[in-house]
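A.B. asks: What follows is a structure written as structure tokens; I'll ask about it next.
The values are calculated or read from the model by the stated rules, or taken from the named source; none is laboratory data. None of the values given here were measured: they were computed from a predicted structure. All Cβ positions, even for glycine, are placed from backbone atoms using ideal geometry, and neighbour counts span all protein chains on display. Just the protein is used for accessible areas: all its heavy atoms, side chains included, with ligands, DNA and RNA removed. Shrake-Rupley method; radii C 1.70, N 1.55, O 1.52, S 1.80 Å.
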Amino acid sequence: MNIQAILSDKIGAAMLAAGAPEGSDALVRQSAKAQFGDYQANGVMGAAKKMGMAPRQLAEQVVNHLDLDGVASKIEIAGPGFINIFLEPTWIEKHIEDALTSQRLGIAPVKPETIVIDYSAPNVAKQMHVGHLRSTIIGDAAARTQEYLGHKVIRANHVGDWGTQFGMLIAYLEKVQNEDASDMALADLEAFYREAKKHYDEDEEFAVRARGYVVKLQSGDEYCRQMWRKLVDITMQQNQQTYRRLNVTLTEDDVMGESLYNSMLPNIVADLKAKGLAVESEGATVVFLDEFKNKEGEPMGVIVQKKDGGFLYTTTDIACAKYRYETLHADRSLYYIDSRQHQHLMQAWTIVRKAGYIPESMSLEHHMFGMMLGKDGKPFKTRTGGTVRLSDLLDEAIERAQNLIREKNPEMPEDELVNVANVVGIGAVKYADLSKNRTTDYIFDWDNMLAFEGNTAPYMQYAYTRVASIFKKANLSHTDLTLPISLQDPREIALATRLLQFEETILTVAREGTPHVMCAYLYELAGLFSSFYEHCPILSAENENQRQSRLKLAALTQKTLKTGLDTLGIETVERM
């Protein structure tokens, strides 16, 4: 149910009828304050300026042509020409009934697109650390949201599985296998990587062999490919455990490593040269871009092939965009990569567009994000200053949640406690991140994220269990409610109106890749439900009609909270 779209169409038509120029935007928004109605149309001012007339005069003409019979209970003009719209409660009642019986909360079908979402992107032979958390969970929320709306989503885990370090890793894996005939050293990937690097730095014979293996691997040597494959497989098996714990939908089938694009790179460089986009410069192959200037104000040179014949990340990213269009047939390609990579991506995509590798109609979007900081405002580290392993962070989250829930619920059976602590602990870590605007850095704070008050996962999960307990106490299910909804109390109307705004919220999240918008919506919804619950008795309502009507509002709140949290990848439990 997209109220904003319905009102935009109606007000747009009234503006045209009142003589506004073609293409005038009604600019319909949800009102910030209740005294300005439920929605406000702000487009009259811009149209009046173009027409050279007083905005209020145009607003009056628009209202005269505006047909909102049955939709609005009141329409008023405010200030210089804002149009305030108050929705008709009987109209809200009808659409609440529809949303409750609908499989999809009354959300209209979309025209399906193919959307490639690039997220997580860990490195081979390294443990995932907190630096991978934001990309992984924000990207996954985007994938779940687009899929819920009905788009075809292709998850792309752009794993760092190529490059010169693989010679060193293959040489060390060979050494370990020869010495103790096992892969045990790979159980701790960090230690394995450190030892390989140490050997490379300190043992010249080892370093020579390692450099030789890079060349062999890149030219397709079978032995080196086998060793490389083993490194990739063991790393991704460990990462898969982390994805499962995080309730993230990535699987082994979604891995699209840097190696995937390797065979495309020589042809791309040759093609860029043939098109006159790339030129030789000091032995390297470079694309000079007028769109980007260096310190001297000259076009910036972007290297696509080094003097020694090696390719760069830019070359891979050009191939990546090309592949997503030609092979995956993407309409949109969304990249969840941190903000420090922005210029690099923009340069690669400028080259992609200039070379004509993708059409204008395909959208390339960098949904960048800031960093996760400690309370000191610096990048989040261990006490000793090392990077925090993601598995250690999740262990701590679950342990803290377990202590908290045991305190609140000492009688809870152990197996239930373990499950609830898992859902609450992991949910808290994810929600703390997702509820912040992704473009900013955010402070990681255990106390805040596990609080049962405020915009946190435990508060949202608890709000869900509250509704579940009402139905349990009444010994009813949603399907037992047969009497119609009747909205009388202002708190009932406020809750019902917000419930109908779920579609507008999810469409915003899908368009802009902003899960914090969903978090803010759910938090507000939970607050409105809390106020309704306190002031409008449900099970002890005055009569059966009122009781069922309020139970229906509770049921739709429960469904909406669950659906919204699902799109964020956050689970719910029936009691806490």
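A.B. asks: Taking only DSSP H segments of four or more residues, each worth -39500 (n - 2.57), what value at 222 nm results for the chain once the sum is divided by all its residues, to the nearest 500 deg cm²/dmol?
C.D. replies: Working: 20 runs with 300 residues, N = 576.
Calculated at 222 nm, the ellipticity per residue is -17000 deg cm²/dmol.
A.B. asks: Kindly report the accessible area of the range 444-570 per residue (heavy atoms of protein chains, probe 1.4 Å, no ligands, DNA or RNA), in Å². Before the final figure, lay out each step's value.
C.D. replies: On the way: 4840 Å² over 127 residues.
Using a 1.4 Å probe on heavy atoms only, each residue of the range 444-570 averages 38 Å².
A.B. asks: In whole Å, how far is the Cα centre of the range 519-548 from that of the range 1-53?
C.D. replies: 32
A.B. asks: So I have [x] 58; [y] 47; [z] 41, and one of them is percent of Cα pairs over 32 Å apart calculated from this model. Which one is it?
C.D. replies: Only one listed value fits the structure, namely [x].
A.B. asks: Keeping all protein chains in place, calculate the accessible area per residue for the range 305-424 (probe 1.4 angstrom), answer in Å².
C.D. replies: Working: 6130 Å² over 120 residues.
Normalised by residue count, the accessible surface of the range 305-424 is 51 Å².
A.B. asks: Just how far, in whole angstrom, is the range 328-366 from the range 408-465 if you go by their alpha carbon centroids?
C.D. replies: 35
A.B. asks: Mind checking which aspartates and glutamates have their Cα closer than 18 Å to the Cα of K408? Skip sequence neighbours fewer than 8 apart in that chain.
C.D. replies: Those aspartates and glutamates meeting the cut-off are E399, E416, D447, E453, E574.
A.B. asks: With a sphere of radius 14 Å drawn around the Cβ of L16, what net charge do the other residues whose Cβ falls strictly inside it have (Lys, Arg +1; Asp, Glu -1)?
C.D. replies: Details: positive: K10, K50; negative: D9, E22, D25, D67.
That sum, taken over residues with Cβ under 14 Å, equals -2.
A.B. asks: How compact and how long is the range 1-141, expressed as Rg and Dmax of its alpha-carbon atoms in Å?
C.D. replies: In order Rg, Dmax, the Cα atoms of the range 1-141 give 21.4, 69 Å.
A.B. asks: Within the set K197/K306; K295/K436; K33/K552; K74/K111, which residue pairs have Cα atoms separated by over 28 Å?
C.D. replies: Working: K197/K306 24 Å; K295/K436 34 Å; K33/K552 26 Å; K74/K111 34 Å.
Result: K295/K436; K74/K111 exceed 28 Å.
A.B. asks: Ok, one more. What order, most packed first, do the peptides 323-329, 458-464, 278-284 have when packing is the mean number of other Cβ atoms within 10 Å of each residue? Walk me through the intermediate numbers first.
C.D. replies: Working: 323-329: 15.6, 458-464: 22.1, 278-284: 13.9.
Result, highest mean Cβ count within 10 Å first: 458-464, 323-329, 278-284.
A.B. asks: Strictly over 19 Å apart at the Cα level, which of K152/K354; K126/K230; K216/K322 would you flag in this model?
C.D. replies: Values: K152/K354 28 Å; K126/K230 14 Å; K216/K322 27 Å.
Listed pairs above 19 Å: K152/K354; K216/K322.
A.B. asks: Here is a follow-up. Sort 296-307, 534-545, 150-161 by the packing proxy (mean of other Cβ within 10 Å over each peptide's residues), most packed first. Provide the component values of the computation, followed by the final result.
C.D. replies: Working: 296-307: 14.8, 534-545: 11.9, 150-161: 20.5.
In decreasing order of mean packing, 296-307, 534-545, 150-161 become 150-161, 296-307, 534-545.
A.B. asks: Take the alpha carbon atoms of the range 478-492, find their center, do the same for the range 208-226, and report the distance between the two centers in whole angstrom.
C.D. replies: The range 478-492 and the range 208-226 have Cα centres separated by 69 Å.
A.B. asks: Right, another one. Can you pull the percent of the range 441-482's accessible area that's carbon plus sulfur, 1.4 Å probe, other chains left in place?
C.D. replies: Working: 980 of 2060 Å².
Roughly 47 percent, rounded to a whole number.
A.B. asks: How would you order 7-13, 31-37 from highest to lowest mean count of nearby Cβ atoms within 10 Å? If you can, show how the numbers build up before the last one.
C.D. replies: Details: 7-13: 19.6, 31-37: 12.7.
The most tightly packed comes first, giving 7-13, 31-37.
A.B. asks: A further question follows. Using Cα atoms only, what is the angle between the long axis of helix 133-149 and the major principal axis of the chain, expressed in degrees (0 to 90) to the nearest 10?
C.D. replies: The helix 133-149 is inclined about 50 degrees to the chain.
A.B. asks: Further question on the same structure: Return one number: the angle in degrees, 0 to 90 and rounded to the nearest 10, between the long axis of the Cα atoms of helix 342-355 and the longest principal axis of the Cα atoms of the chain.
C.D. replies: Helix 342-355 sits at roughly 80 degrees to that axis.
A.B. asks: What percentage of all Cα-Cα pairs in the range 45-94 are separated by more than 16 Å?
C.D. replies: 45
A.B. asks: Follow-up. What does the net charge come to around V214 if you take all other residues with beta carbon closer than 13 Å to its beta carbon, with K and R at +1 and D and E at -1? Walk me through the numbers on the way to the answer.
C.D. replies: Details: positive: R209, R211, K216, R225; negative: D221, D308.
Residues near V214 contribute +2 overall.
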